[in-house]
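Working notes, beginning with the structure itself.
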Amino acid sequence: MKPNRPRVTRLLFPAVLAAVLGAGTAACDSDTTSEGTSSNVRTLSPEPAASPLASESPRTQRSKEASVSADLERVRAEATKVLEGADGRGNAVKDVSVTGRPVTEGEDFRSALVRVTNSTGQEAFYAVRVEFVDADGEVLDSVVLGFEDAPPGRTVSKQANSSKAAGVTTFPRIAQAERG
């Protein structure tokens, strides 16, 4: 008697499929970091939602913020020093523009967008003093910004913020701009 091929195939197929899947799963659970393993090998197991290395601890975040704050203060101090040595309004007033930003209800500061266009053929440091003045022309606050390594022929921008001018209609203006 000749065996019925479709029936044998139907009975053997699930067993063969289970064996192949079992071997594949065992291969995925193996250590893929050993020497000689291709970097293109991917496992089917899902990545953890958040690894301990990917999420920052509050201490690490505070440390990063302190580092950024220290760097901003260093650049501001350098810009202040450059402006102290400037003649009058400085050598780069024509390279700088300022635009006041709209105020929203309850804001604790006034803000202006300062743009510097490096008109030279090489990277340059720009020091800029922005004054926030009221309708009578009285200076309410003065903010110093530093622009490190402004690329030649390009425009870079930063925000100048004043908490002293909050709640008052003010107009930002460039008081000094020096290319160092």
Give me the pairs: first residue in the range 107-119 and within 12 Å of ALA150 (Cβ to Cβ) and at pLDDT 95 or above, second residue open to solvent by 30 Å² or more (accessible area, probe 1.4 Å) and small (Gly, Ala, Ser), beta-carbon distance under 6 Å, and six or more apart or on different chains, which are they? ARG115/SER97; ARG115/SER157
Among residues of the range 124-180, those that are of a type in the set (Asp, Glu) and not in a loop (DSSP other than H, G, I, E, B), counted: 5
Taking into account only those residues within the range 125-156 that are touching a residue at least 12 places away in the same chain (Cβ under 8 Å) and open to solvent by 70 Å² or more (accessible area, probe 1.4 Å), which is farthest from the chain's Cα centre (by Cα)? ALA135
Residues (open to solvent by less than 50 Å² (accessible area, probe 1.4 Å) and of a type in the set (D, E, K, R)) located in the range 110-124: ARG110
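The values are calculated or read from the model by the stated rules, or taken from the named source; none is laboratory data. What you are looking at is a predicted structure, and each value in this text was computed from that prediction instead of being measured. All Cβ positions, glycine included, derive from the backbone under ideal geometry; neighbour counts span all protein chains shown. Ligands, DNA and RNA are stripped out before the accessible areas are found, and what is left, the full protein with its side chains, is counted by its heavy atoms. Shrake-Rupley method; radii C 1.70, N 1.55, O 1.52, S 1.80 Å.
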